[in-house]
1. Rounded to the nearest whole Å², what accessible area per residue is found for segment 334-381 with the 1.4 Å probe?
2. Can you work out the accessible area per residue across segment 137-206, with the rest of the protein chains kept in place, probe 1.4 Å, in square angstrom?
3. Give K159/K212; K180/K348; K153/K348; K159/K198; K163/K348; K159/K180 a once-over and call out the pairs whose C-alpha atoms are over 23 Å from each other.
4. Placing +1 on the Cβ of each Lys and Arg and -1 on the Cβ of each Asp and Glu in segment 245-389, which of Q300, G328, C359 has its Cα farthest towards the positive end of the resulting dipole?
5. Ignoring ligands and nucleic acids, what accessible area does L75 show with a 1.4 Å probe (Å², nearest 10)?
6. With each pseudo-label sitting 7 Å past Cα toward Cβ, what's the S165-E323 distance in nm, one decimal?
7. Amide H to amide H, which residues 5 or more places from L140 or on other chains are under 5 Å from it, using H placed in the peptide plane?
8. Taking R0 as 51 Å, what FRET efficiency do you get between N136 and E48 from their Cβ-Cβ distance, rounded to the nearest 0.05?
Amino acid sequence: NTMFDSGDGLSTVLTSLQQTIDKLGKEKSRTTTACTENEDYSATEIEEAMINALTPFYLHLIENWSAAATSQLQLSEFIRDDDDDNDCARMDEKYCSEGDFYGPHCTVQSGMETMLDPLLTHGVSECIKLEQEVQNVSLLHSQNKVDDNKHAKVLLQCKTGLKVSADVCVVTLPLGCLQKSISNNEEPFFQPPLSDKKQEAILAHRMGIYKKVFLIFDRIFWPKDESMIGMIRRLEHDNSDIDDGDDKSFSKKNLGNHLLFYNCWAKHGLPCIETVLCANEWAVNRSDEDIRDAVLDFMQDSMGQNLDVQEWFVDCHVTRWEEDKFSGWGAYSSYCLGTLERHTDELKSPEWNSKLLFCGEATISEHEGSVHAALMSGVRAARECIADE
């Protein structure tokens, strides 16, 4: 928790795992003493059981970071070929800022919409057209100019009938929307089509499933001071014994045995706890009630049957990015198996002789999935527009 609060990023997971293993080693003598009273288990067996229970949880933390299952991640995101395998400290230090800027984590108290306020000045706000879904984007060549590419226009046609002609178009669509746009051959979104390299780059990334669940209670029954709480449970039966027709059992099977909770009481004095369902396709298109009951059951299983979690529950809120076509059927972009650095470079490269520019969080690999990347890529696109002029 201390590392996360100070903004240490992904290394929180790696260091926490090492600290847990070290702690198990220090406790070995005490465990051995306890084992003399119970000859059924040796100290080694108990230590291995604890490590086996905790290691999957730390893998779950990596899934939370990437919004993808570990089976969908590639090792090259965490370890480079030129790293010395025996120099773990140097490797951890090198990657401690992965996905984050240095410094403490923070919450935008008045909401993320306030991030737009300084950007909507100097007449920008008046130029924004809301409720206008773009149907297609096309390149119009001039018939009266010798240099056709230089004087070509970009035409945006909206489903309401609105048409907008511009010298340059900056595409800020989420990755999922871009993927959808190039898959419709009957009604192509970009005319002419994007280059083969651009389409390859778009399809080489993925949109992460990252569903937040906020639960409000009438009392605090979890550790009050820790900003993050990891919960582990062990189901009484394995997945092969679960009847998919039983909604409750089906929920248990699909939430797994590990969840990370964010304690809103420690940070904001709110009787609320937040968890994230990452890479969990079961939760997509499920009702709030189904998701709520599944998480409450998880808390009940992991914290103890003597708690009346259902009785203390007040309200919940579930995010739905994976079900929103305008957010690209996902929360944010991430690498998947086979994604290369050149794919990200190609993702941000211009098309149509620099008449079509691309920005968004997916175009900056160092901070992919963050608001920072969206802002930084917007600044880059603006500079490209000015340079083109």
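1. Roughly 40 Å² per residue, with all protein chains present.
2. Value returned for segment 137-206: 60 Å² of accessible area per residue.
3. K159/K212; K159/K198; K163/K348
4. My answer, from the dipole projection, is C359.
5. The accessible area comes out at roughly 120 Å².
6. It is 4.3 nm.
7. Excluding prolines and chain starts, which carry no amide H, the hits are K153, V154, L155.
8. Efficiency at R0 = 51 Å is approximately 0.30.
The values are calculated or read from the model by the stated rules, or taken from the named source; none is laboratory data. A quick note: this is a predicted structure, and the numbers were derived from the prediction, not measured. Note that each Cβ is placed from the backbone with ideal geometry, even for glycine, and that neighbours are counted across all protein chains shown. What goes into the accessible areas is simple: the full protein's heavy atoms, side chains included, and nothing from ligands, DNA or RNA. Shrake-Rupley method; radii C 1.70, N 1.55, O 1.52, S 1.80 Å.
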